[in-house]
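Q: Below is the structure I would like to discuss, written out as structure tokens.
The values are calculated or read from the model by the stated rules, or taken from the named source; none is laboratory data. Only a predicted model underlies this, so the values are computations on that prediction, with no experimental measurement involved. In this analysis, Cβ positions are derived from the backbone assuming ideal geometry, glycine residues included, and neighbour counts consider all displayed protein chains. Accessible surface areas use protein heavy atoms only, side chains included; no ligands, DNA or RNA. Shrake-Rupley method; radii C 1.70, N 1.55, O 1.52, S 1.80 Å.
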Amino acid sequence: MKNKLIALLDGLHDRLHKRVLMLLSLVLALVCGGLVMWDPQAFAAKLGGFTVANGLPLIWATCTGLIHGMAFKPRRWFWQLVFFPPFSWVIMTAMLVQAFT
């Protein structure tokens with residue numbers, strides 16, 4: 001059972017290693033990171049403040065986006081699960097939509 005899960009996760013990461021998807025991860029991560037670096041108070045005000053509920057997921061999603069965007073693929077199954085790009089896409093997109101609406 002564990003080997004099937006590891007093989008499934010490894011196969012998912014292989015399918016996500018496409019240039020378009022890596023570019024998406026990189027652009028989202030750079031935009032989120034750039035907004036935090038450029039004017040953190042304004043970005044936080046749009047999000048309702050940086051709290052544990054939105055600050056930590058934003059940091060994790062930005063790191064995950066940069067990791068995937070730079071074409072790095074974690075070897076171990078645990079790290080592949082922790083740095084799974086679609087989860088970060090959802091978080092970064094939700095933060096950007098909230099900030100710009």
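Q: Val20 fails exactly one of the following numbered conditions: (1) out of contact with any helix residue (DSSP H, G or I) (no Cβ under 9 Å at 6 or more places or on another chain); (2) at pLDDT below 95. What is the number of that condition?
A: So the condition that Val20 fails would be (2).
Q: Taking the condition of being open to solvent by less than 70 Å² (accessible area, probe 1.4 Å) and of a type in the set (Asp, Glu), how many residues in the range 12-22 meet it?
A: Quick first cut of the range 12-22, residues open to solvent by less than 70 Å² (accessible area, probe 1.4 Å) only: 12-13, 16-17, 21-22.
Filter once more, keeping what is of a type in the set (Asp, Glu): none.
Of the residues in the range 12-22, 0 are open to solvent by less than 70 Å² (accessible area, probe 1.4 Å) and of a type in the set (Asp, Glu).
Q: May I ask you to list pairs of residues, at least six apart or on different chains, whose Cβ atoms are under 8 Å apart, with the first in the range 50-65 being closer than 17 Å to Leu81 by Cα and the second being surrounded by 15 or more Cβ atoms within 10 Å (Cβ to Cβ) and among the hydroxyl-bearing types (Ser, Thr, Tyr)?
A: Here the result reads Trp60/Ser88; Ala61/Ser88; Thr62/Ser88; Thr64/Ser25; Thr64/Ser88; Gly65/Ser25; Gly65/Ser88, each pair linking the range 50-65 to a residue that is surrounded by 15 or more Cβ atoms within 10 Å (Cβ to Cβ) and among the hydroxyl-bearing types (Ser, Thr, Tyr).
Q: Go through Phe78, Phe84 for me and flag whichever is of a type outside the set (A, V, I, L, M) and touching a Ser or Thr at 6+ places or on another chain (Cβ under 8 Å). Give the steps one after another, and end with the answer.
A: Numbers: Phe78 fails: touching a Ser or Thr at 6+ places or on another chain (Cβ under 8 Å).
After ruling out the rest, the residue left standing is Phe84.
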